[in-house]
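The structure's right below; bear with me while I get my questions together.
The values are calculated or read from the model by the stated rules, or taken from the named source; none is laboratory data. Bear in mind the structure is a predicted one, so any value in this text is a computation, not a measurement. Here the Cβ positions follow ideal geometry from the backbone for every residue, glycine too, while neighbour counts run over all protein chains shown. The accessibility values were calculated without ligands, DNA or RNA, using every heavy atom of the protein model including side chains. Shrake-Rupley method; radii C 1.70, N 1.55, O 1.52, S 1.80 Å.
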Amino acid sequence: MSRISIENLNLYYGQKHALRDVNLEIRDRAVTALIGPSGCGKSSLLRCVNRMNDLVGKVRIEGRLFLDGEDVYDRRVDLTLLRRKVGMVFQQPTPFPMSIYDNVAYGPRLQGIRNRRRLDGIVEAALAQAAVLEEVKDKLQAQAAGLSGGQQQRLCIARALAVEPEVLLMDEPTSALDPVSTRKVEELVKELKRRYTVVIVTHNMQQAVRIADEAAFFLSGELVEAGSAKTLFKVPRDRRTADYLAGRFG
């Protein structure tokens, strides 16, 4: 079943036509990998889902993008609720300059949760889901900046999960990490799909093969092809996809 449906989506940054007539179905409780060379529109599409492109000047969007049957670009959509429902993890770990505990509790506090016992439960559950609780449980009041890069990224994932999203967007979440930390995040992503719809942008084809259930290949703002990751990686329909997977460009 599709969780996100994208219909004839066009995105412009000023005069630049960044996405061209994109039509894509994103399946619920699955990992969908967006692949393609730099500048092809992958991250731009990701930012369309929770309307982060609204924060960029001179942006124009045409077409429709449905989340659970609701067009997220309908003027009646509450952006705060949308971004609570659709969490995002960025390329570089971005812990806030505060304690580990306060990083995870930040979102719930914004939602008005003040009860300490309830916050404790939310923080512990989110850190456990992000597979970092055992590493930090004895130093929750320590500054998050003191964690390793991999731990910081998993903390950021915990921070996103603490507000109980339904969709998790991940923009190259392991590109700044070492191989050991990368593998931990990949294992985490495979666990998270049991509860969430996960959409991940990655330049690492081996990573996409390891974790993706679905894949979509973009080139110059165009969605070239999409479908089962296993099929797309083994028997791509389009010659451009085959060339990219074979390393002939990108």
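Per Stokes-Einstein, at 4 °C and 1.567 mPa s, what whole-number D in µm² s⁻¹ belongs to the stretch 1-80, with the Kirkwood radius over Cα pairs as the hydrodynamic radius?
On the way: Rh = 13.1 Å.
Using the Kirkwood radius from Cα pairs, D works out to 99 µm²/s.
Give a residue-ordered list of calculated ³J(HN,Hα) values for the stretch 131-141 (Karplus: 6.51 cos²θ - 1.76 cosθ + 1.60, θ = phi - 60°; whole Hz; x for Gly, Pro).
Here the 3J(HN,Hα) series is 6, 10, 4, 4, 7, 10, 4, 9, 9, 5, 8 Hz.
Decide, for the stretch 141-236, between rounded, prolate and oblate: order the square roots of the alpha carbon gyration tensor eigenvalues as a ≥ b ≥ c, take rounded if a/c falls under 1.5, and otherwise choose prolate if a/b is larger than b/c, else oblate. Don't skip to the end; give the middle numbers.
Working: a/c = 2.21, a/b = 1.79, b/c = 1.23.
Cα axes put the stretch 141-236 in the prolate bin.
Sticking with this one: Compute, for the stretch 133-250, the length of the dipole vector about the Cα centre, with Cβ point charges of +1 (Lys, Arg) and -1 (Asp, Glu) only. Units Debye, rounded to 20.
Value, rounded to 20: 280 debye.
In whole Hz, with x marking every Gly and Pro, tabulate ³J(HN,Hα) for the stretch 197-204 from phi via Karplus 6.51 cos²θ - 1.76 cosθ + 1.60, θ = phi - 60°.
Listing the rounded values in order: 8, 10, 10, 10, 8, 8, 9, 8 Hz.
Separate question: Going by amide H atoms built from the backbone, whose H comes under 5 Å of the H on R27, apart from near neighbours?
The list, which skips near neighbours in sequence, is R3.
If the only charges are +1 at each Lys and Arg Cβ and -1 at each Asp and Glu Cβ, what is the size of the charge dipole of the stretch 1-135 around the Cα centre, to the nearest 20 debye?
About 360 debye.
Over the Cα atoms of the chain, each weighted equally, I'd like the Debye log10 I(q)/I(0) at q = 0.09 Å⁻¹, rounded to two decimals.
Calculated log10 I(q)/I(0) at the listed q: -0.39.
Under 8 Å for C-alpha pairs, at least 6 residues apart: give me the relative contact order for the chain, rounded to a whole percent. Could the numbers behind the result be given before it?
Working: 463 pairs, mean separation 69.5, N = 250.
Worked out over the chain, it gives 28 percent.
Round to the nearest 10 and report in Å² the accessible area of R27, as given by a 1.4 Å probe over the protein chains' heavy atoms.
The accessible area comes out at roughly 90 Å².
I would also like to ask the following. For the chain, what is the calculated [θ] at 222 nm in deg cm²/dmol (nearest 500), taking -39500 (n - 2.57) for each run of four or more DSSP H residues and dividing by its residue count?
Computed ellipticity for the chain at 222 nm equals -10500 deg cm²/dmol.
How much of the DSSP beta bridge set in the chain is antiparallel, as a percent to the nearest 5?
For the chain, the DSSP antiparallel bridge percentage is about 60.
Then there is this: Any chance you could run the full-extension gain for Q15 through S228? It's 0.36 nm times the residue separation minus the Cα-Cα distance, nm to one decimal.
Stretched out fully, the Q15 to S228 stretch lengthens by 73.3 nm.
Which entries of K137/K184; K85/K137; K16/K234; K58/K85; K85/K139 have Cα-Cα distances beyond 21 Å here?
Values: K137/K184 18 Å; K85/K137 27 Å; K16/K234 33 Å; K58/K85 26 Å; K85/K139 29 Å.
With Cα atoms farther than 21 Å apart: K85/K137; K16/K234; K58/K85; K85/K139.
On to the next question. Just the accessible area for H17, please: 1.4 Å probe, Å², rounded to the nearest 10?
Surface open to solvent at H17 totals about 50 Å².
Let me ask another. What lysines could a cross-link reach from K190, if we take a straight Cα to Cα line under 18 Å and drop same-chain neighbours fewer than 8 places away?
Correct list for K190: K230.
Here is a follow-up. Would you kindly give the portion of the calculated P(r) for the stretch 61-115 that falls above 16 Å, as a percent of all Cα pairs?
59 percent
Can you give the charge dipole size of the chain about its Cα centre, rounded to the nearest 20 debye, using +1 on the beta carbon of Lys and Arg and -1 on the beta carbon of Asp and Glu?
That gives a dipole near 200 debye.
Okay, next question. I'd like to check one number: the per residue accessible area of the chain, probe 1.4 Å, reported in Å² as a whole number.
49 Å²
Amide H to amide H, which residues 5 or more places from I200 or on other chains are under 5 Å from it, using H placed in the peptide plane?
T32, A33, L34, M170
Considering amide H positions built from the backbone, and no H for Pro or chain starts, which residues 5 or more places from S148, or on another chain, come under 5 Å of its amide H?
Those lying under 5 Å, H to H, from S148: there are none.
Top to bottom by accessible area (1.4 Å), largest first, where do K234, K58 land?
K58, K234
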